[in-house]
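The values are calculated or read from the model by the stated rules, or taken from the named source; none is laboratory data. Keep in mind it's a predicted model, so treat the numbers as computed, not measured. No Cβ is skipped: glycine too gets one built from the backbone with ideal geometry, and neighbour counts run over all protein chains shown. SASA here: full protein model, heavy atoms, side chains in, ligands and nucleic acids out. Shrake-Rupley method; radii C 1.70, N 1.55, O 1.52, S 1.80 Å.
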Amino acid sequence: MLLEVTDLLKRFGGLKAVDGVSFAVDRGEILGLIGPNGSGKSTVMNLIMGVLKPDSGSILLDSREIGGRSPNRIAGHGVSMVFQHSRPLHQQTVLQNLYLALLPNRLFNFRLSPDIDSRAHDALKLVGLEHFAGRKPSELPFAGLRRLELAKSLVRKPSLLLLDEPFAGLSASEMEEFSDLIRQLRSDERAIILVDHNVKGVRALVDRIVAMSSGQKIADDLPDHVLASPRVREVYLGRGDEAVFRRPHSPAPDAPSALKVEHVSVRYGEAIALDDVSLSVPRGEVTAVVGLNGAGKTSLFNAICGIVPASGTVEYEGRTPRARRAYEIARSGVVLCPETRELFTDMTVQENLGIGGNALAAAEKRRQTEFVESLFPRLAERRKQFARTLSGGEQQQLAIARALMMKPSILLIDEPTLGLAPIIFDAISNVIETLRESGELSLFLAEQNLTFALRHADLIHVMEHGKIKWSGPAGEFDAGSALIA
Amino acid sequence: MTVPRSDRSDTGPWPYIVAAIVVCLLAAVPFLGVNAYLLSILTLGLFFAVFAMCWDLLFGYAGEPNFGATFLIGTGAYTAALLSSNGLASPAVCIVAGAIAAVVAGVLLALPALRLRGPYFGLVTLVATLILRQVIILFSDYTGGEIGIAVPDIITISSTLNFYIALGAAVLTALVLRLLVNSPFGLVLEAIGQDPLNARVLGFEITKYKVSAFCVSAFFSGLAGALMVFYLGTASTNVFVDASVGVQVIIAAIVGGRRTIVGPAIGGVFLIAAAQYLHPLGSLSEMGVAVVALVILLFLPGGLLGATRLFRKAR
Ligand SMILES: Nc1ncnc2c1ncn2[C@@H]1O[C@H](COP(=O)(O)OP(=O)(O)OP(=O)(O)O)[C@@H](O)[C@H]1O
Ligand SMILES: [Mg+2]
């Protein structure tokens, strides 16, 4: 066995984030690690990488104990990790980011060897970024950043590669491409551990799945067996993709608009991100804009909320402000929950919610807090925890909850399902249904996840290359579905 | 995916050509018939440039705010001054000893302090300066206390030669630091400054790199401190071991443009020159310098050097 984990335990205060987990991975194997949000998957990965120190238990790599060693030593033993969030060096070029991954841990190193240069270029070619070598990471498309992180890991020729949610935020086709890349990395010398909430993607890629729940291992078997297990269904998969509960409902064509976007364009320098977009969001309904990464969904939301300068007009509940100022728009009840979450990471869950409800009177604030906590019970359990230490999916829940605290009349959520376990989809589905029934709120979602969008939206806009390609009731979407890969 | 136009993000050989021309012009200054006063200002400015560059290596690259620049400078200066005033060594030896002493003191400070992150590291360096100052005052029998020590030796009385010594120190520091930050070592250092956890996961032992950067910074700070003692003829706490001087070093570096090495050098000369030219204003002069610095900080976030970049873009 390449890696043997035995009785691993990690406590955060009173919480046992990893509670007696044992599993093993051999060379040549790809292991999937799944489980609900906050079940301890990232924590296990961090323990193996040495980012966290285990409280007890052992981690053997090639029969050598590495538990509790520093990350740089563990990296030296051939372990490499791609984090849940991309973290490139922003002031360096893509190529320099790769150099960094290749440099030895040696002080007296003042010249770059040609070998490093050629290996870096090879790796960029392998992940398809060769044309971006001289660019800054911020100029890369979203999926490009992922590729960069993967390249940084694979140039190190690790014997154990840890991938934390490599598919999050990728479109179906991008995920396919990325899976192919990971498949290419499979070798007899290497084991890969993959954490992701895209069950389809994980199932297609891995040889075996370990499932976790509340810090404990609940299954360890072939993918089909694990995914069929009642326990895993109950805690993780939920009702699943198969369940269809789209309400046959199409908004009346003359329904009043909560948002009316007319001829809006956004340019970043020479690049046109949004090209003369016109659409409307009917009041009290759920509208979704779907499209690939880079189609312009985030730019659209940022333009609506006054975060980026845009030409054209936007009408908010019938009013058209002359200058679109971000804070005024937010005050008037149009609230954005951005893709990047933008939580106050050094504040607690409770404080984050409090800031969201800042403008509310005390009693109302209490009521609204109770409401969002009932929607997301995990947040109620973690009031005093710093946002920074929440798991990826817990942070996403907090971001949506904080936006709801502002009592929006129009809520825009960019990628609501990012990093969420399938079972939380159900919870978010319920939230959306609850909000829809209350009728007070118009929801506008930007989604990568077509199934999710179709399930909830009354009205769908399909976006491609900064333009609206198709608009119509969700029930008629099949016609538009050909447009989106 | 769109294919970018070019692979190169740097600006080619121009910065080096410009730098070479500037150095040549500076080297020609004594022959341009400038008066001794201007030359002395430039000399001081060049020493200050070294301090600012050393600070930039730590903050601009390794991401560590050093509020105790004068701890390193002062150690170098006082070591040289004490050795010389006690007749223990020739100026050359004193200067080398000053630089080495600064490195030793720097390591002793950095090893415990670098465990702390961000502002806490900065506070420790600040406290170190205050302690050094108190020690000097406490042992005034040896150190001259607040009055300072006069050094009997000098390197040369020629203001031209002194100017060249300062210029040499500044050019040497700039060269070494630029080479360092452009090397793989510099890349790792920046990675550590931007995201230490990521750097560790990529296999780098970050303390090793940070302490090394601290040593380099200390070496040139100490060297310039010691040289400046022989130029001024005295070592006093108000010049060499003073938190407010440390703050001026920081302002110089940021006004010049941090994370460039060259920018802080410009900032150092600029700050000293501005202070001298505003001197006739009396107590208003400090105010004047502060206002100029503030304007630059507010309106030119990239500092003076960053402004040239804006200018290039605009064309
Ligand atoms: N430093 C910390 N202090 C307190 N609690 C923490 C800390 N780090 C993690 N936790 C908690 O430990 C639990 C496990 O977190 P972990 O990040 O491993 O979850 P995960 O399985 O990766 O979830 P996700 O799928 O949402 O990414 C979470 O409930 C999280 O809030
Ligand atoms: Mg996680």
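Results, tabulated for the structure shown:
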| item | result |
| --- | --- |
| Residue among B:VAL229, B:VAL269, B:VAL104 with the largest mean-square fluctuation in a Gaussian network model of chain B, springs linking Cα atoms under 10 Å | B:VAL104 |
| Additional length obtainable on full extension of the chain from B:VAL176 to B:LEU294, 0.36 nm per residue less Cα span | 39.5 nm |
| Surface accessible to a 1.4 Å probe, per residue, for the residues of the range A:257-476, Å² | 41 |
| Percent carbon-and-sulfur accessible area, the range B:241-302, ignoring ligands, DNA and RNA, probe 1.4 Å | 74 |
| Dipole magnitude of the range A:152-246 about its Cα centre (Cβ charges: Lys, Arg +1; Asp, Glu -1), debye to nearest 20 | 180 |
| Across A:LYS125/A:LYS467; A:LYS41/B:LYS210; A:LYS157/A:LYS217; A:LYS10/A:LYS365; A:LYS136/A:LYS297, pairs whose alpha-carbon gap is larger than 24 Å | A:LYS125/A:LYS467; A:LYS41/B:LYS210; A:LYS157/A:LYS217; A:LYS10/A:LYS365 |
| Chains A and B together, accessible area buried on both sides, 1.4 angstrom probe, square angstrom | 3100 |
| Accessible-area value, A:LYS125, 1.4 Å probe, nucleic acids and ligands omitted, Å² | 130 |
| Under Karplus coefficients 6.51, -1.76 and 1.60, residue-wise ³J(HN,Hα) of the range B:197-213 in Hz, glycine/proline x | 5, 4, 4, 5, 5, 7, x, 9, 8, 6, 4, 3, 6, 5, 4, 4, 4 |
| The protein assembly as shown - charge dipole about Cα centre, Lys and Arg +1 at Cβ, Asp and Glu -1, debye rounded to 20 | 1000 |
| Alpha-carbon centroid distance for the pair the range B:129-192 / the range A:405-464, whole angstrom | 61 |
| Anisotropy class of the range B:16-243 from Cα gyration tensor, a/c 1.5 cut | oblate |
| Per-residue mean of C-beta atoms belonging to partner chains within 10 Å, peptide A:103-112 | 6 |
| Residue order for A:HIS465, A:HIS121, A:HIS456 - accessible surface, 1.4 angstrom probe, largest first | A:HIS465, A:HIS121, A:HIS456 |
| Residue order for A:TYR268, B:TYR164, A:TYR99 - accessible surface, 1.4 angstrom probe, largest first | A:TYR268, B:TYR164, A:TYR99 |
| Computed accessible area, A:ASP188, all protein chains, 1.4 angstrom probe, square angstrom | 130 |
| Spacing of the two label points (7 Å from each Cα toward its C-beta) at A:ARG231 and A:LYS384, in nm | 3.1 |
| Rounded to 5, percent antiparallel among DSSP beta bridges of chain A | 55 |
| Amide H contacts of A:SER213 (H built 1.01 Å from N, under 5 Å, at least 5 apart or other chain) | A:ILE218 |
| Packing-based ranking, highest mean first, of A:223-230, B:301-308 given that Cβ atoms within 10 Å are counted | B:301-308, A:223-230 |
| Per-residue average of Cβ from other chains inside 10 Å of A:70-83 | 4 |
| Percent carbon-and-sulfur accessible area, chain A, ignoring ligands, DNA and RNA, probe 1.4 Å | 51 |
| Length-normalised contact order for the range B:16-243 - Cα pairs under 8 Å, 6+ apart - percent | 40 |
| Heavy-atom accessible surface of the range B:131-205: percent carbon and sulfur, 1.4 Å | 65 |
| Assigned charges on the beta-carbon of Lys, Arg, Asp, Glu; the range A:257-476 dipole about Cα centre (debye) | 600 |
| Packing rank of A:335-345, B:282-292, B:59-69, where each peptide gets the mean count of other beta carbons within 10 Å, highest leading | B:59-69, A:335-345, B:282-292 |
| For A:GLU464, residues with placed amide H under 5 Å, excluding near neighbours | A:LYS469 |
| Shielding of B:264-276 by partner chains, average beta-carbon count, 10 Å | 0 |
| Local electrostatic count, A:GLY466, Cβ distance below 11 Å [Lys/Arg +1, Asp/Glu -1] | +1 |
| Probe 1.4 Å - accessible area at A:ARG325, Å² to nearest ten | 110 |
| Separation between Cα centres of the range B:28-70 and the range A:27-84, rounded to whole Å | 48 |
| Distant-in-sequence amide H partners of A:GLY419 (H built 1.01 Å from N, under 5 Å) | A:GLY169 |
| Per residue Cα convex hull volume in Å³ - calculated over the protein assembly as shown | 193 |
| Helical mean residue ellipticity (222 nm; -39500 (n - 2.57) per DSSP H run of 4+; nearest 500) of chain A | -9500 deg cm²/dmol |
